[in-house]
Ligand code: PRP
């Protein structure tokens with residue numbers, strides 16, 4: 001989508017006579033570049049396409065909100081039939097520490113009974129969210145469930161949970177961008193950056 005300055009307004013719109021300046025903000029330091037993300041997402045897409053080559057009913061389930069950009073890029077690079085659904089959960093609220101108590105905000109819309117499911121997460125930290133999700137989705141009777149996460153914090157794991165496709169392992173830093181936020185900020189950064197929340 002075009003930035004405010006690039007939008008072409010209809011002739012006569014009073015917006016054409018206004019000059020809008022972009023607010024300058026401090027960009028978080030980069031941990032993983034846009035190019036490295038692109039390359040890794042393409043590799044994951046090739047791997048997933050090969051693994052599901054004989055499957056014609058793959059359902060990719062994005063976990064809202066954080067996975068929306070990863071899901072969009074990953075799904076468009078697959079070379080196999082796939083459909084998209086979403087489920088929404090929340091565990092962190094406005095703070096930076098997992099409460100461990102995961103809350104279902106919105107269930108999947110489609111019927112996944114007998115279908116092959118790939119859960120798509122932006123990040124697996126303590127593992128509570130993914131474990132909870134696998135339990136919920138298993139109750140819908142899918143043929144199989146696998147998991148993909150762009151980021152994994154192996155040092156923060158509190159529960160054992162299988163991750164079949166991992167983009168990058170990272171340390172304990174709080175990361176933003178490419179779908180991930182801190183208090184809803186920085187989700188649309190094109191790279192993965194690091195922030196230091198005050199409550200850590
Ligand atoms: C984040 C992230 C994962 C979860 C991982 O979601 O998107 O779903 O935390 O943490 P865990 O492994 O410790 O359970 P969050 O609750 O921040 O919601 P959001 O995706 O809407 O930002």
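The values are calculated or read from the model by the stated rules, or taken from the named source; none is laboratory data. Just so it is clear, the structure is predicted and the values come from calculations on it, not from any experiment. Counting neighbours? That spans all protein chains shown, and the Cβs are built from the backbone with ideal geometry, glycine included.
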The stretch 137-172: number of residues that are part of a loop (DSSP other than H, G, I, E, B), within 21 Å of residue 190 (Cα to Cα) and at pLDDT 95 or above: 3
Residue count, the stretch 152-169 (criterion: in contact with a helix residue (DSSP H, G or I) (Cβ under 6 Å, 6 or more places away or on another chain) and surrounded by 15 or more Cβ atoms within 10 Å (Cβ to Cβ)): 3
Which listed residue is at pLDDT 95 or above, over 30 Å from residue 104 (Cα atoms), out of contact with any strand residue (DSSP E or B) (no Cβ under 8 Å at 6 or more places or on another chain) and surrounded by fewer than 13 Cβ atoms within 10 Å (Cβ to Cβ), from 39, 10, 4: 39
Residue ranges of strands (runs of 3 or more DSSP E) in the stretch 46-136 with at least 2 members surrounded by 17 or more Cβ atoms within 10 Å (Cβ to Cβ) and modelled with pLDDT of 95 or more: 58-64, 82-90, 116-124
Search result, residues across the stretch 61-86 that are within 15 Å of the ligand (Cβ to nearest atom) and either farther than 26 Å from residue 185 by Cβ or without any contact (Cβ under 8 Å) to a residue 40 or more places away in the chain (or both): 72, 86
Among the residues listed as 181, 113, 172, the single one being out of contact with any strand residue (DSSP E or B) (no Cβ under 6 Å at 6 or more places or on another chain) and free of Cβ contacts under 8 Å to residues at least 24 places away in the same chain: 172
The stretch 115-130: number of residues that are within 17 Å of residue 65 (Cα to Cα) and more than 8 Å from the ligand (Cβ to nearest atom): 3
Output for the stretch 175-200, where each listed residue is surrounded by fewer than 16 Cβ atoms within 10 Å (Cβ to Cβ) and assigned to a strand (DSSP E or B): 185
